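Notes for the one structure printed next.
Read-outs throughout are calculated quantities, based only on the coordinates presented, and are distinct from any laboratory measurement. This is a predicted model, so every value here is computed, not measured. Quick reminder, even Gly has a Cβ in these numbers, built from the backbone with ideal geometry, and neighbours come from all protein chains shown.
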Amino acid sequence: MKQTPKPPGLHLHGLTLRYEGRPLFEGLALRVPAGRCVALLGASGVGKTSLLRIAAGLETPDAGVVEADDGQALAPRIAWMGQQDLLYPWARALENVTLGSRLRGQRPDHARAMALLEAVGLAGRERALPKELSGGMRQRVALARTLYEDRPVVLMDEPFSALDAITRAQMQTLAATLLAGRTMLLITHDPLEACRLGHSLHVMAGQPARLGPAITVPGTPPRAPDDEALLHTQAELLRALLAGQGA
Amino acid sequence: MSRVLRPLGTCVGLLALWWALARFANIPAFLLPGPGAVAQTLVSQWGFLARNALVTLLEIALGLGLGTLFGAGCALVMVASRGVQRWLLPLLLLSQAVPVFALAPLLVLWLGFGLASKVLMAVLVIFFPVTAAFYDGLRRTEPGWLDLARTMGASRLAILWRVRLMAALPAFGAGLRIAASVAPIGAIIGEWAGASEGLGYVMLNANARMQTDVMFAALVLLAAMTILLWVGVDMLLKKLLHWAPDS
């Protein structure tokens with residue numbers, strides 16, 4: 001497989017977004033170091049998804065910028081994983097993996113897509129339609145699609161929240177292994193997921209929302225769910241989240 | 001099994017009711033001929049009836065084909081350009097405010113007694129359900145699918161062609177099913193307003209001569225044609241939309 005281009009760091013400065021006149025966040029800043037995964041936690045409705053959508057170029061902030069630390073354009077170097085698998089129901093697994101090529105009018109690289117399907121454990125299912133696949137399998141296809149794009153920056157919006165606990169744990173391990181080395185911003189409401197996948201974590205809370213100080217978990221992702229340091233950090237996180245809720 | 005048996009049971013029940021009414025309710029045969037008499041007429045005048053049925057079938061098929069093309073084109077153009085949509089949508093609504101029945105004599109006057117006026121009538125009846133359903137489908141694409149395509153760098157045209165159009169096909173199918181069931185109305189009205197052949201012409205003539213059995217025979221043929229057309233369209237759509245989660 002070809003080498004993924006060297007990942008840039010991701011810088012968000014002075015981001016302000018208002019929703020119906022009310023600021024969701026104001027002057028928000030965040031740095032994701034190159035090749036690292038930063039997890040952002042917070043209650044629903046706090047503006048996590050909006051923040052990620054701004055980073056993905058899907059939404060325009062009222063103020064602030066999102067840029068790569070090497071000064072080059074960011075948009076063509078981003079891959080985005082949404083809350084659902086977002087597989088196109090009319091396309092077979094292989095066609096969903098090569099979606100980006102087909103949308104850009106490029107020739108799909110079937111050999112690479114087949115290798116990626118094999119890497120996510122779906123060898124032999126390339127002809128399957130999304131409706132013939134389980135939730136976990138569909139999310140594996142979505143991961144293969146993200147990998148096929150081969151972008152150095154990956155933005156993930158609670159990508160595994162719709163899965164059952166076991167499938168979610170498997171997908172976290174698979175994603176962390178296959179996406180290692182890329183610059184990742186992960187949005188989640190699951191402290192365990194943040195602790196397993198993030199090099200560092202921030203809690204987003206308040207109105208307008210602010211980012212708490214970086215919390216680092218010892219060890220390299222994907223960490224084992226029963227790792228002692230992880231369990232300790234998870235407890236700390238939960239406390240921070242509850243404090244953010246005013247509980 | 002019950003998918004075949006149930007409609008068959010309904011047909012037999014209706015036939016029995018019809019037979020009982022004609023046999024026991026003292027209704028004269030020139031008002032309500034029994035199923036036996038109508039079947040006899042169907043056999044004895046088969047050549048004449050079949051020749052006229054073919055004419056009507058051709059009108060319906062051409063009307064359905066052209067109406068669908070025109071309706072789908074209108075919907076696509078309206079979604080592609082907001083400017084066109086602003087002009088075209090009120091025009092389309094206006095076209096439905098004029099009763100199509102009232103236009104029939106005018107169309108016959110302009111286009112003559114031949115095929116063209118009937119095909120145009122059928123087109124007028126068909127295109128609106130197709131346009132409305134397809135347009136609605138095109139506008140209601142799952143937002144996540146569009147976001148994904150945008151982050152992958154797809155052009156507006158690629159998104160319309162490869163995402164919105166595909167996603168709208170089930171809605172288009174729903175419109176087409178309605179169109180297939182109302183298409184014969186257009187052709188028959190056209191024939192009533194002025195024609196020299198076709199089932200509508202046969203019915204009008206038979207009515208004037210009190211040949212109620214011939215009228216009923218033509219009606220039976222028309223109903224059979226409509227049902228076969230609907231079943232054909234339905235089977236085709238099921239085959240084309242096999243990927244849809246609810247098919």
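Structure notes:
- Using just its DSSP H runs of length 4 or more, each adding -39500 (n - 2.57), chain B gives a mean residue ellipticity at 222 nm of -28000 deg cm²/dmol after division by all residues.
- Modelled this way, with points 7 Å down the Cα-to-C-beta line, the labels at B:ALA223 and B:VAL98 are 3.4 nm from one another.
- Plainly put, region B:134-182 has a radius of gyration that is 1.10 times its Kirkwood radius, both from alpha-carbon atoms, as the Rg/Rh ratio.
- The phi torsions of region A:76-86, fed into the Karplus equation with coefficients 6.51, -1.76 and 1.60 and a -60° offset, translate into couplings of x, 10, 10, 10, 10, 10, x, 5, 10, 5, 6 Hz, rounded to whole numbers, with Gly and Pro shown as x.
- Note on region B:169-221 and region A:1-71: Cα centroid distance 62 Å, given to the nearest whole angstrom.
- Value of Rg to Rh for region B:37-240 (Rh from inverse mean 1/r over Cα pairs, i.e. Kirkwood): 1.09
- Region B:37-240, relative contact order in percent, only Cα pairs under 8 angstrom and at least six apart counted: 31
- Every pair of different Cα atoms in region A:74-233 enters the Kirkwood calculation, which places the hydrodynamic radius at 16.5 Å.
- Mean-position separation - Cα centroids, region B:91-106 and region A:111-171, in angstrom: 52
- With N the number of residues in the protein assembly as shown, Rg(Cα) / (2.2 N^0.38 Å) evaluates to 1.36.
- Here the Kirkwood formula puts the hydrodynamic radius of region A:12-88 at 13.7 Å, using every distinct Cα pair.
- With the simple spin-label model, which puts each label point 7 Å out from Cα in the Cβ direction, the B:ARG209 to B:LYS239 separation comes to 4.1 nm.
- Shape descriptor for region B:96-161: Rg over Rh equals 1.29 (Cα atoms; Rh from the Kirkwood inverse mean 1/r).
- Share of Cα-Cα pairs in region A:1-138 lying beyond 27 Å, as whole percent: 38
- Karplus 3J(HN,Hα) series, Hz, for region B:124-130 with 6.51 cos²θ - 1.76 cosθ + 1.60 (x for Gly, Pro): 4, 6, 7, 4, 5, x, 5
- Förster radius 51 Å - calculated FRET efficiency between B:TRP161 and A:GLU228, Cβ distance, rounded to 0.05: 0.45
- Mean per-residue shielding of peptide B:235-245 is 2, counting Cβ atoms of other chains within 10 Å of each Cβ.
- Packing-based order for B:108-114, B:134-140, using average beta carbon neighbours within 10 Å, highest first: B:134-140, B:108-114
- Cα-centred dipole magnitude for chain A, charges only on beta-carbon of K, R (+1) and D, E (-1), debye, nearest 20: 580
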